[in-house]
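Where a number appears in this text, it was derived from the coordinates with a stated rule and is not lab data. This structure is a prediction, so every number in the text was calculated from the model and none was measured. Ideal geometry is used to build each Cβ from the backbone, glycine not excepted, and the neighbour counts take in all protein chains shown.
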Amino acid sequence: MIKKKLNKISGFTLIEILIAIVITSLMMAAMFTSYTLVNSTYRQVTDRAKISQAGRDLVGTMLREIRMAGFKYVNDDIAASDKHNPIRIYKGKGFGSSGSCDKIEIVYGSVKYNKAAALADRYEYERYKITYECKASTKLDDSDLTGTSKIDGFAIYKSKEKWDTKLTPPDWQKVSTDDALYKDELVLDYVQDLVFIPYDENGKPIVSLGTYTPSDEKAYDVRTVDIGLVIRSTKPFFKNDKAGTIARKILSIATTASSSSRNIQQADRYLRDTITVTANARNVGLN
């Protein structure tokens, strides 16, 4: 009787168990592949959104500050100086190992009101200068297994200085305890190029052969400034370069119609976003 009952107990054979293990393994492999693909796509999308948002936030700040360039109050009594040119642009060489971005200086006036002072001394006029410039990025290149190489790109730094009339002769403050002033604050990394092109009232680019643009003689001729920013993703975006030998060509914007185009030609796996906007220098022509 006992033997008959044991013979009737059902179970899995070894072959059935092996088949179940194989099917389960295939299902797990498919799920892992799908997860990896979705995760990679999500990372790429978020990385692209981050660099685009960061670049547009910075350009938006530049737009507001360029609109302030040249502004000063009617009774401003600070002595005029070539160092107060509303906008100065120092041209860079573009992307590359020995390259550089454009540098811009924006000068505008302000006023401090002291209610406790005598009536004639309640208004203290001030002059500020904001500077944007690029320096070599200090970010490490993730593709370098040694962890010693830096990425091939720039970082944008911002400074804010105040005109000090107590110096002899008056000059921009180099060191200050004023919390409103700062020097070389990092505002954006992974930058490939930064370009500024000033235009006059006729819509023609202002070109100067000197150190900076526009020259002192044309300091108040600026009506608009084109801003061009090229920024790259922090992580590789593309799986492979085309055939591994064709350079992906990323276009920056030309500094002038007659100058070199400052193109970026490099075979790599990074995504680049180019942002170009026009800023209206509404206060420059009022002087």
If each residue's Cβ is checked for other Cβ atoms within 10 Å, how do 101, 134 rank with the fewest at the top? 134, 101
May I ask you to derive the relative contact order of region 136-212, considering only C-alpha pairs under 8 Å and at least 6 residues apart, and to give it as an integer percent? 27
With 10 angstrom as the radius, rank 68, 62 by how many other C-beta atoms surround their C-beta, starting from the fewest. 68, 62
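Rounded to the nearest 0.05, what FRET efficiency do residue 226 and residue 135 give with R0 = 22 Å and r taken as the Cβ-Cβ distance? Could you check?
Efficiency for this residue pair is about 0.45.
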Heads up, region 100-232 by the C-alpha gyration tensor (a ≥ b ≥ c square roots of eigenvalues; a/c under 1.5 rounded, else a/b over b/c prolate, else oblate) looks oblate
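Using Cβ counts within 10 Å as a stand-in for footprinting exposure, how do 181, 194, 186 rank, fewest first?
186, 181, 194
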Using a simple spin-label model with points 7 Å from Cα along the Cα→Cβ vector, what separation in nm is obtained for residue 164 and residue 75? 2.7
